[in-house]
Structures are given as C-alpha cells and as structure tokens.
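There's a structure below that I have some questions on.
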Amino acid sequence: MLLPSQMKRPIKPIMQIMAVELTAMGLLVLVAGLIDQDRIPSFVVGSLVFIIPSAYFTFYALFFTANRDPRWFLSAFIRGHTGKLMLAAVGFALAFKFLEPLHAPSLFIAYGVLMLVHVVVTAKVSKSLSSKL
C-alpha cells in the first residue's frame, strides 16, 4: 500500500496533465458550439473516451510504483494498459450504440486532439520533472 508521502510527488503532475486535458475538452466543446450545436455531445464523448482510460492507466500504474520490484511494476503497467485499451474500446462501442445524434468525425477529432494534447503536456511535465532531479 502506498503511504501518503510516496503519492504526493507524482499526484501533482498527474493533476496538471488532467487539468490541461479537461481545459482542451472545454475549448473543443466551445468551438463545437460555435460550429454546430449537434456536434457538442460527440466532442464531449470523444474527449471522455480518451481522458477516462488514460486516467485509469495513470492511477493504476501509480498505485504500484512504490513497490520497487520490476516484475510488479511491469505487471501493473501491462494490466493498466490492457484496462486502458478495453475502456477505450467500450467507450467507443457505447458511443456508437447510444449517442444520438452521433457525428463520428467530431468524436474521432476530439479523441485525436486530446491524444496530441496529452503527448505534448506529458513531455513538458516530464522534462520539467527531470530538470528538477
């Protein structure tokens, strides 16, 4: 089990990344609202299909970082990534099954934009953390 002192350090960068992703989602929804009101649900769902599985993976992998045994860490990484892929697949399936009206290009644009935002922000946060060490 993780002690609070072990979790403090990685939680702040994770929250920064999630805050930027949620801000990007808000901007996408704002732009969608200006273009076409019917596209807003597709942008929101596309964004959430990326954010929720990524958060699951991050917190699942973070849970096992205190254990220094590489086998535990690798196992947690694999399980977290598998869960992330399954959650994303279920999210897309639910979106295509239940979202009416669905605008598929908007759904995938939101997913792709959030993926790019995640890569850029994670790289910047990672660089700032490595420079502090």
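To the nearest 10 degrees, how steep is helix 4-35 against the longest Cα principal axis of the chain, on a 0 to 90 scale?
Around 10 degrees separate the two axes.
If you don't mind, there's one more thing I want to ask. Per residue, how big is the convex hull around the C-alpha atoms of the chain? Give it to me in cubic angstrom, could you?
Convex hull of Cα atoms, per residue: 109 Å³.
Next question, about the same structure. Within the set of other residues whose C-beta is less than 11 Å from the C-beta of residue 28, count the net charge using Lys and Arg as +1 and Asp and Glu as -1.
Every neighbour counted, the sum reads 0.
Readers should treat all values here as calculations from the given coordinates under stated rules, not as data from a laboratory. The structure presented is a predicted model; accordingly, all values stated were derived computationally and were not measured. No Cβ is skipped: glycine too gets one built from the backbone with ideal geometry, and neighbour counts run over all protein chains shown.
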